[in-house]
Amino acid sequence: GAGVSQTPSNKVTEKGKYVELRCDPISGHTALYWYRQSLGQGPEFLIYFQGTGAADDSGLPNDRFFAVRPEGSVSTLKIQRTERGDSAVYLCASSSDGNEQFFGPGTRLTVL
Amino acid sequence: GENVGLHLPTLSVQEGDNSIINCAYSNSASDYFIWYKQESGKGPQFIIDIRSNMDKRQGQRVTVLLNKTVKHLSLQIAATQPGDSAVYFCAERNQGEKLIFGQGTELSVKP
């Protein structure tokens, strides 16, 4: 079956611009997670949704970052006024039972 | 500042040998642990998991060992193959649903 998909696969933007990153979880998975991975490091947690609501957003670095999941399926991570330090791979994962998390291929964001 | 030029620990093994990748986790309250494999340009791929009430779990060619006394996790890969070459991450769960990942180890398999 289809896994987690993320679009775009690559995004290049200029400092100060706004970007949206999309995640399509595995069908039927109620839990959805966003992580950020910098070069040479493990993924770092950003936010977790259970259904439509953000159950834990403790990993969002500041108020420029926001995520939504309005219908409990697709999620969008939104970054305002991007900075060069936001450059990373943004990973999305989903889970049916809160245990095994299935990851998508990620979106590589480059802020020039 | 940025960790420019951060290098992952590397393990190099000969094809057919067994590999052991180690991980120290941070929180004694963690109740669930996962090993992920990540190939270049791809997202992490689940390998095996273990709950804190167990000390060993086996899968196909892989075994995870958990030592809660010293907060240590290991992944053993039997008869390592070139396709096993990747970066391996351990992850722990201790607060709700989020996973906390370790630094990662790069496994290189020589044919």
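Annotation: lysines with alpha-carbon distance below 28 angstrom to A:Lys17 (same-chain offsets under eight excluded): A:Lys78, B:Lys42.
With all pairs of separate Cα atoms included, the range B:45-111 yields a Kirkwood hydrodynamic radius of 13.2 Å. FRET efficiency for B:Ser26 and A:Ala2, Cβ-Cβ distance as r, R0 = 35 Å, nearest 0.05? The formula returns an efficiency of 0.55 here. Look at A:Arg108, A:Arg84, B:Arg93 and count the other Cβ atoms within 10 Å of each Cβ; fewest to most, that gives A:Arg84, A:Arg108, B:Arg93.
Assuming R0 = 22 Å, what is the FRET efficiency of A:Lys17 and A:Val68, from their Cβ-Cβ distance, to the nearest 0.05? Step by step, r from the Cβ atoms, then E = 0.70. Mean sequence separation of contacting Cα pairs (under 8 Å, at least six apart), scaled by the length of the range B:10-110, corresponds to a relative contact order of 38 percent.
Cβ crowding within 10 Å, taken as a proxy for footprinting-reagent exposure, orders A:Glu14, B:Glu39 from fewest neighbours to most as A:Glu14, B:Glu39. A simple spin-label model places pseudo-atoms 7 Å from Cα toward Cβ; at B:Gln76 and A:Ser38 they are separated by 3.6 nm. Exposure proxy for B:Leu8, A:Leu112, A:Leu32, B:Leu66: other Cβ atoms within 10 Å of each Cβ, ordered fewest to most, give A:Leu112, B:Leu8, B:Leu66, A:Leu32. Straight-distance candidates among the aspartates and glutamates for linking to B:Lys68, with alpha-carbon spacing under 18 Å and chain neighbours fewer than 8 residues away dropped: B:Asp31, B:Asp49, B:Asp55, B:Glu92.
Throughout, read-outs are computed from the coordinates displayed, never taken from laboratory work. If you're wondering where the values come from, they're calculated on a predicted model, not measured in any experiment. Neighbour counts are summed over all protein chains in view; Cβ atoms, including those assigned to glycine, are modelled from backbone coordinates with ideal geometry.
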